[in-house]
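Here, each number is a calculation from the coordinates, and none is a lab measurement. Not measured: the values here are computed from a predicted model. Using ideal geometry, Cβ is built from the backbone for each residue, glycine included, and neighbour counts are taken over all protein chains shown.
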Amino acid sequence: MNHNIQNSSPDGWCRCEKKEDTFAQRSDLYVEAFLPDGWWLQYGRLDQPESDRFLYLMGWCIRCRGRMRSGVSIPGELTGDDLLEYIYNQMRRYRPFSAGNQETGRYATGYFSGRTAWYQRQDDLSLADYNKQFLSLFHWEDQKAVWDWLDEHHREEPYTRPRRDRKSTLLEAILERARADGSISGIEPILDYYLPNPSEPNFSDRDTYLTDYQFDIVPAIMFGSSEGIYVDVYLEGKFDGSDCRKTSLATFKTLDTSLDACRKMGELCGILMYHGSRYVNQNIHRYTPQKELEAEYARKMAAADTGKEGEQT
């Protein structure tokens, strides 16, 4: 159940939301203007049933800059481990007022881009960062018990649910490695830009998760239709669960059209292929398809059970 707070401008809440607004009007307002920025948990105790508990997604209105919130109710009968697991999973899944798919990492472009970008950052949190965020929801006196629960139940990512890389993650990893070994130190000074980049990210519906490793990194160098030299970088093969077999990873451009620039941009192609293939191979678990991961996990569990039986005999 969604639970939006009503207009109360004296204490900083959104002035656009009126008491007489219908549910549809309020929903339209949140679709157009709600920008989330954090979480807040309303509760009293963890060890007994309790009504009126809510997990709120906090934010503000891009129109009036007032505070806004949208929440999900927490079943009142839950306590202890069941309560913590419910809240943990809701914080993973609750992404209101945007159409998205957390399996693919894709969010529809027809929704407010600032909100979908925030959701993508939430989806991409490391397990350690997510657990830290979860812990911060609770009263100080409860945090030791919550930490112990996290340590027992969510110490490691599930084998079959690794944190996936997006296309932008792969690109930045390639560039980080190339900068670290100095291989593009002589190339970056002639670049006028590359896209996407942290200041100009990809559209939310294009920056999807890479869930298969059966692809090649294919750079293509050419003179542009106007001026300059371009390197367009593609992924070709199987890179997600769709039927698409080619997608754009990045574009690099220089206005320099000299022979030396042509050599350097050609060298850039090889550098991107080299570091990209090495990075994927070294992080292959993140790129392994879901069914393969499940089969691998089943084999590991079967081998572990066989080992236990051998020890007993």
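Structural descriptor for the chain: relative contact order 13 percent, calculated from alpha carbon pairs under 8 angstrom and at least 6 residues apart. Amide H contacts of Leu249 (H built 1.01 Å from N, in plane; Pro and chain starts excluded): Val233, Tyr234, Leu235 sit under 5 Å, all sequence-distant by 5 or more or on other chains.
Give, as ranges by residue number, the residues of segment 19-56 whose backbone N falls under 18 Å from the point 7 Å along Cα→Cβ of Cys64. From segment 19-56, the list is 19-36.
Were the residues from Thr251 through Gln282 laid out at 0.36 nm apart, the gain over their Cα-Cα distance would be 8.7 nm.
Taking Ser204, Ser258, Ser226 in turn, the Gaussian network model of the chain (Cα-Cα springs below 10 Å) assigns the largest fluctuation to Ser226.
For segment 53-87, the residues whose amide N sits under 19 Å from a probe point set 7 Å from the Cα of Arg93 along the beta carbon direction are 53-58, 70-87. Computed extension gain for Ala180 through Gln42, at 0.36 nm per residue and net of the alpha carbon distance, reaches 45.2 nm.
I need the calculated FRET efficiency for the pair Glu103 and Cys262, taking r as the beta carbon distance and R₀ as 30 Å, to the nearest 0.05. Provide the component values of the computation, followed by the final result.
Numbers: r = 42 Å, r/R0 = 1.40.
For R0 = 30 Å, the calculated efficiency reads 0.10.
What does the charge count near Thr160 come to, summing +1 for each Lys or Arg and -1 for each Asp or Glu among other residues with Cβ under 10 Å from its Cβ?
So the surrounding residues net to -2.
If a spin label sat at a point 7 angstrom from the Cα of Phe54 along the line to its beta carbon, no backbone N atom of segment 85-129 would be nearer than 13 Å. With R₀ fixed at 41 Å, the C-beta to C-beta distance from Lys144 to Leu35 puts the FRET efficiency at about 0.75. Here the label points at Met273 and Glu188, each 7 Å from Cα along the C-beta direction, are separated by 2.4 nm in the simple model.
Projecting label points 7 angstrom from Cα along Cα→Cβ for Gln25 and Tyr297 puts them 4.7 nm apart. Mean-square fluctuations from a GNM of the chain, with a 10 angstrom spring cutoff on Cα atoms, peak among Arg106, Arg65, Arg95 at Arg65.
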